[in-house]
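First up is the structure itself, then whatever we jot down about it.
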Amino acid sequence: MPELPEVETVCRALAPHLTGLTITDVVTRVSSLRLPVDSERLTAVCVNRSISGIRRRGKYLALELAGDATVVLHLGMTGMLRICPATDAVLPHDRVLWGLSDGRSWRLADTRKFSCVLPFERCDPGQDIGPLANLGIEPLDHGFDGAYLHAECRGRMRPVKNLIMDQTVVVGVGNIYASEVLFRAGIHPRRAGGRLSRRRCEALAAEIRSVLTEAIDWGGTTIINFRAPDGSEGLFRQQLRVYGRENEPCLRCAGHARIRRIVLGGRSTYYCPRCQR
Ligand SMILES: [Zn+2]
């Protein structure tokens with residue numbers, strides 16, 4: 001499943017190819033993805049409108065069009081976006097095809113149909129509409145820091161790992177990244193959020209930013225034909241220090257302890273019992 005870094009990578013790769021072009025037509029080859037696709041509305045929102053930009057919000061993409069229209073996209077588990085000549089054969093899993101004024105075609109392919117395509121008319125530029133409206137803060141924005149995290153965690157007994165994965169608190173910290181971030185910050189994944197000091201929240205916020213930034217940098221090297229990297233974390237997988245290393249010696253305390261695996265919120269969680277408190 002594409003995570004924040006992969007979606008950011010896709011967004012950065014697409015932006016220079018889409019911005020400034022006009023959408024000439026839309027072909028919808030499916031009635032429903034994760035949600036129904038309203039092809040009439042999608043056509044009305046897109047056709048003859050120029051693309052003013054594309055931005056990422058959480059794991060969503062927002063295609064911003066002239067006339068204050070927006071198309072919100074989510075890639076689900078297996079959605080892939082590509083730009084190709086309009087004359088290229090349509091593939092069996094191509095679900096939505098946008099014709100572009102430069103003679104190319106922008107296509108959403110999705111084998112498992114968990115992606116979504118939601119057209120909206122009359123939105124303020126940069127406004128969070130539809131599924132974007134309930135999302136928490138962006139971890140790479142200025143407002144995200146130790147003070148913010150400390151305020152969000154205050155009084156809460158939920159494990160810190162579950163809190164940082166809660167999309168209403170902060171977006172984009174997926175399961176693998178959560179283990180990595182807590183390992184680097186030296187925080188036990190089960191520790192109650194409300195029992196973290198301001199200083200430790202600052203360390204945690206800094207690690208969230210640095211892990212996601214590193215993953216975006218790595219993701220930027222894996223993009224081929226504007227497809228999201230296959231698998232969840234691209235080349236960043238080679239940088240993982242704790243995730244997937246059950247019973248292996250901890251890389252931080254030089255083998256004084258072995259990495260443990262527990263299940264939190266139904267997801268595999270890895271940590272060092274000696275380094276993380
Ligand atoms: Zn250790």
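Of note:
- Residues Arg158 and Ser50, FRET efficiency given R0 of 41 Å [Cβ-Cβ distance, rounded to 0.05]: 0.35
- Arg241 paired with Arg199, simple spin-label distance in nm, labels 7 Å along Cα-to-beta-carbon: 1.9 nm
- The trypsin sites (Lys or Arg not before Pro) found in segment 147-189 that occupy coil by DSSP, while having at most 16 further C-beta atoms within 10 Å, are Arg154.
- Accessible surface calculations at 1.4 Å, restricted to protein heavy atoms, place segment 23-174 at 43 Å² per residue.
- Segment 196-216 residues near the modelled Ala147 label - backbone nitrogen below 20 Å, point 7 Å along Cα→Cβ: 196-210
- Put simply, the convex hull of the Cα atoms in segment 1-67 casts, on average, a shadow of 5.0 nm².
- Net +/- balance of residues flanking Val30 in space, Cβ distance below 10 Å, scoring K and R +1, D and E -1: +1
- Compared with the direct C-alpha span, the chain from Glu248 to Ala206 gains 12.5 nm at full extension, assuming 0.36 nm per residue.
- Peptides 270-276, 16-22, 188-194 ordered by average Cβ neighbours within 10 Å, highest first: 270-276, 188-194, 16-22
- Per residue, the Cα convex hull of segment 115-178 amounts to 116 Å³.
- Projected area, mean over directions - the chain, Cα convex hull, nm²: 14.8 nm²
- Efficiency of FRET from Cβ geometry, Arg190 and His256, R₀ 22 Å, rounded to 0.05: 0.60
- Histogram of C-alpha separations across segment 58-156, 5 Å bin width, %: 2, 11, 17, 16, 17, 14, 10, 6, 4, 2, 1, 0
- Dipole of the chain [Lys/Arg +1, Asp/Glu -1 at C-beta], most positive-end residue of Gly20, Val169, Asn247: Asn247
- Percent accessible area from carbon and sulfur atoms, the chain, protein chains only, probe 1.4 Å: 48 percent
- The modelled label-to-label distance for the pair Glu40/Val90, using points 7 Å beyond Cα in the direction of Cβ, is 2.0 nm.
- Full extension of the segment from Asn134 to Arg122, taken as 0.36 nm per residue of separation minus the current Cα-Cα distance, would add 2.4 nm.
- Applying both filters, DSSP loop and at most 13 other Cβ atoms within 10 Å, to the trypsin sites (Lys or Arg not before Pro) of segment 70-137 gives Arg112, Arg122.
- Percent of beta bridges antiparallel (DSSP, segment 59-212, rounded to nearest 5): 95 percent
- Where GluC sites (Glu not before Pro) in DSSP loops with at most 14 other Cβ within 10 Å are excluded, longest remaining stretch of the chain: 122-245
- Distance between the 7 Å Cα→Cβ label points at Thr213 and Ala15: 1.6 nm.
The values are calculated or read from the model by the stated rules, or taken from the named source; none is laboratory data. The shown structure was predicted, so the numbers you read here are calculated from the model rather than taken from an experiment. Backbone-built Cβ (ideal geometry, glycine too); neighbour counts: all protein chains shown. SASA here: full protein model, heavy atoms, side chains in, ligands and nucleic acids out. Shrake-Rupley method; radii C 1.70, N 1.55, O 1.52, S 1.80 Å.
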